[in-house]
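First the structure, in the form of structure tokens, and then the observations on it.
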Amino acid sequence: MAGLSATPGVSLADEPVKIRAWGLPPQQLITIRAWLKDEKGAIFQSRAFYITTIEGEVDLEEASATGGDFQGVLPMGLLWSLKPTTPFLRLIKRDVMGSPFLIHLEVYPYLVVLPSPKDTPCAAQIIERWYVTPGVQRYNVREGRIRGTLFLPPGEGPFPGVIDMFGGFGGLMEFRSSLLASRGFASLALAYFAYDDLPKQLDVLELEYFEEAAQFLLRNPKVINHGVGVIGVSKGAEIALALACHLPMVKATVCINGTNAIYGFTLTYRDLCMRGIPYNSGRVEITDLGLLWSRRVIEETKESEHQDSILPLEKARGPVLFLVGEEDKSYNSLKFAMEALARAKGRGKNDVHLLSFPGTGHLIEPPGSPLCHVSQPARDSLPVWWGGELVAHCTAQETSWKEILSFLFAHVGISKQSNL
């Protein structure tokens, strides 16, 4: 009788899973399929084709996929390559506390590209991928102007505090913060526009808002009170770098595919008013497939009229880690990070670090997340080309997550890490 195992059957979403099938006809072409349904009912699926061993087995730790959504030996390939059946959707966990993603794994003893009602798997298993470990607490935050969600790890603490921000389409995403809390951080998923009663558009950014958020986090008795870390991606990385430059309580900063200057909006803080470099919308491109390619919209910082918009990284009190994808189709992130690194070193700041990943796109997410190289962030927008190649990008997610955790633990709070 055919069998299928996936271990662990219940795990955090950032943990690896080992998949193995047995009891199949020897040296025969088979299909292993993965699929899940997100909270809005959208289906994401992947499949890979394998030749069974002479014993009728396939172990994804050793077996090489002959085709499907990937080729070669990729133990996590079925999860990395999950794609929406409705084009341009992005897989995002919204209810991080109440339910896991249920990933269905199925084995067919023949080639299946698109399963029909006539196709019945000879073995199947469902695995649970959670975004919180047991004991993590979640709190809605409406404190003064602050809007977001606070996640606290199990235990008394105190824990290192982190402010977590996403990009330029606004709203609030919680999945990274819930995983950070599962790894020992008090993490504040912070919205800054297009959420609740916050401004609908990002025109003026007051750093006092983020200062209030940091003070709110530091007042919590379960948070180490000597300073906070900040992590952001895209526009969130740009803001994270601004916080590092101007807020004394920021002890460490992680910038994922961001810029080294203010773009598009005006930044204010006390008597500071920094006007952003305007976006050059006339340089947006539409690819042959109808994808929005915005990389050239962001102007060069080298122009003389843009110098006052460059963030003074040398003023940051703590270390900064730039994580960039070299196939980022949204920003020229590597160039921005290299400019920031050169400026910091030229002004005597030597704790700025750069990790650059070939073949990696804009949306670098926690490990186990599928590659999202295209998505439609809003109903009234074209699908956006984010970039990335499957193996390189998802490998970078594995590597960068460990670097993020290590960096933040070392500089914000405790030295002892949770097991990864």
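The values are calculated or read from the model by the stated rules, or taken from the named source; none is laboratory data. For clarity, every value in this text was computed on a predicted model and none was experimentally measured. Please note: Cβ atoms are built from the backbone with ideal geometry, for glycine as well, and neighbour counts cover all protein chains shown. Surface accessibility is based on the protein's heavy atoms, side chains included, excluding ligands, DNA and RNA. Shrake-Rupley method; radii C 1.70, N 1.55, O 1.52, S 1.80 Å.
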Taking the stretch 253-310, which GluC sites (Glu not before Pro) meet the DSSP loop condition and have no more than 14 other C-beta atoms within 10 Å? E300, E303
Within the stretch 137-412, what is the number of lysine pairs with alpha carbons under 18 Å apart, leaving out pairs fewer than eight places apart on the same chain? 11
Connecting C-alpha atoms closer than 10 Å in a GNM of the chain, tell me which of L334, L102, L152 has the biggest fluctuation. L102
When the accessible area of the stretch 315-420 is computed with all protein chains present and a 1.4 Å probe, what percentage of it is carbon and sulfur? 51
Fraction of accessible area attributable to carbon and sulfur, the stretch 11-59 (%, probe 1.4 Å): 54
Say the dipole of the chain comes from +1 at the beta carbon of Lys and Arg and -1 at that of Asp and Glu; which of V320, P248, P25 then lies farthest toward its positive end? P248
Calc'd 3J(HN,Hα), the stretch 5-22, phi into Karplus 6.51 cos²θ - 1.76 cosθ + 1.60 (θ = phi - 60°), Hz, glycine/Pro = x, comes to 10, 9, 10, x, x, 10, 7, 5, 5, 9, 9, x, 10, 9, 10, 8, 10, 8
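Just the number: Rg to Rh for the chain, Cα atoms, Kirkwood Rh, two decimals. Walk me through the numbers before you get to the answer.
Details: Rg = 22.3 Å, Rh = 22.5 Å.
Computed over Cα atoms, the ratio is 0.99.
Rounded to the nearest 0.05, what FRET efficiency do Y195 and Q137 give with R0 = 22 Å and r taken as the Cβ-Cβ distance? Could you check?
On the way: r = 21 Å, r/R0 = 0.96.
Rounded to the nearest 0.05, the efficiency is 0.55.
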With all protein chains modelled, accessible area of F101 [1.4 Å, Å²]: 10
Computed log₁₀ I(q)/I(0) - Debye formula, equal Cα scatterers, no solvent, the stretch 320-392, q 0.18, 0.20, 0.25 Å⁻¹: -0.74, -0.84, -1.06
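Show that you can apply the helix-only estimate: for the chain, add -39,500 (n - 2.57) for every DSSP H stretch of four or more residues, divide by all residues, and state [θ] at 222 nm to the nearest 500. Before the final figure, lay out each step's value.
On the way: 6 runs with 74 residues, N = 420.
-5500 deg cm²/dmol, from helical runs alone.
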Using DSSP to define loop residues, name the trypsin sites (Lys or Arg not before Pro) in the stretch 279-309 whose beta-carbon has at most 15 other beta-carbon atoms within 10 Å. K302
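Which trypsin sites (Lys or Arg not before Pro) in the stretch 335-378 sit in a loop by DSSP (not H, G, I, E or B) and have at most 12 other Cβ atoms within 10 Å of their own Cβ? Before the final figure, lay out each step's value.
Details: sites: K335, R343, K345, R347, K349; in loops: R347, K349.
Those satisfying the criteria are R347.
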Projected convex hull area of the stretch 146-299, Cα atoms, direction-averaged, in nm², equals 9.9
For the chain, with every protein chain kept in place, what is the accessible area per residue (1.4 Å probe, Å²)? 42
May I ask for the distance between the Cα centers of the stretch 17-40 and the stretch 324-361, given as a whole number of Å? 39
